[in-house]
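The values are calculated or read from the model by the stated rules, or taken from the named source; none is laboratory data. Nothing here was measured: the structure is a model prediction, and the numbers come from that model. In this analysis, Cβ positions are derived from the backbone assuming ideal geometry, glycine residues included, and neighbour counts consider all displayed protein chains. Remember, those area values only see protein heavy atoms, side chains included, never the ligands or the DNA or RNA. Shrake-Rupley method; radii C 1.70, N 1.55, O 1.52, S 1.80 Å.
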Amino acid sequence: EAALAAGIPQPWRPLSLTPDLTWNALLALIPAAAALVGMAALPREARFDVLWALLGIALLSALVGILQINGGGMSSFYWYDITNRGITTGVFADRNHHAALLAMALPMLAVWYRAASKKRRMLSPRWMAIAAAGLGVILLPFILLAGSRAGVFLAILGIVLAYFLQQTGQGRLVRQQGPTTMVYLFRLAPVVAAIG
């Protein structure tokens, strides 16, 4: 508009209006890229150890969220000076990051169930399915408590992904043993979650 008012042709402009912030944003992708390369380099078994750690952090974040709500807006469990007080932020300063972590845990629970049911070291597949579904149901209210619209969208996406991840693993089980009650429950779970 300034060029039009001055009666001169439009000048060339840079790709970014704030090049220093653009470089900052690009450099901020380095940790994520390093994590991706690191995960790709890990052996398959070690990846499941990382899965356990991520699920543990998600559950810890939900627990901290409970303590934050119980303590009110001035709770000592808000660990950052600039944060979303009065709602759950878990181990983060921002409610959106907290909700995204909890939503990310939903498909991770499906992967955990598939991996753990193949090993059958601790519990029967039926109890592992109940544990995975139960933890997913427990996490859903914490996503809503965060008050994050992006978190709700990611939770819906997480439920859909968890469903398809579980279905790809259940196909073999159904062919080998025939349909079981747990298979039917898993097929019904996304409908119940969507209604919820």
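Key figures for this structure:
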read-out	value
Under the Karplus curve 6.51 cos²θ - 1.76 cosθ + 1.60, θ = phi - 60°, whole-Hz ³J(HN,Hα) for region 45-62, x wherever Gly or Pro sits	5, 5, 5, 6, 5, 5, 4, 4, 5, 5, 5, x, 5, 5, 5, 4, 4, 5
Exposure rank, largest accessible area first [Thr18, Thr89, Thr83; 1.4 Å]	Thr18, Thr83, Thr89
Efficiency of FRET from Cβ geometry, Glu1 and Trp79, R₀ 45 Å, rounded to 0.05	0.50
Relative contact order for region 1-138, counting Cα pairs under 8 Å that sit 6 or more residues apart, in percent	15
Accessible heavy-atom area order of Glu1, Glu45, highest first, probe of 1.4 Å	Glu1, Glu45
Probe 1.4 Å - accessible area at Tyr80, Å² to nearest ten	90
Inter-probe distance in nm under a simple model that places probes 7 Å from Cα toward Cβ, at Ala40 and Leu157	2.1
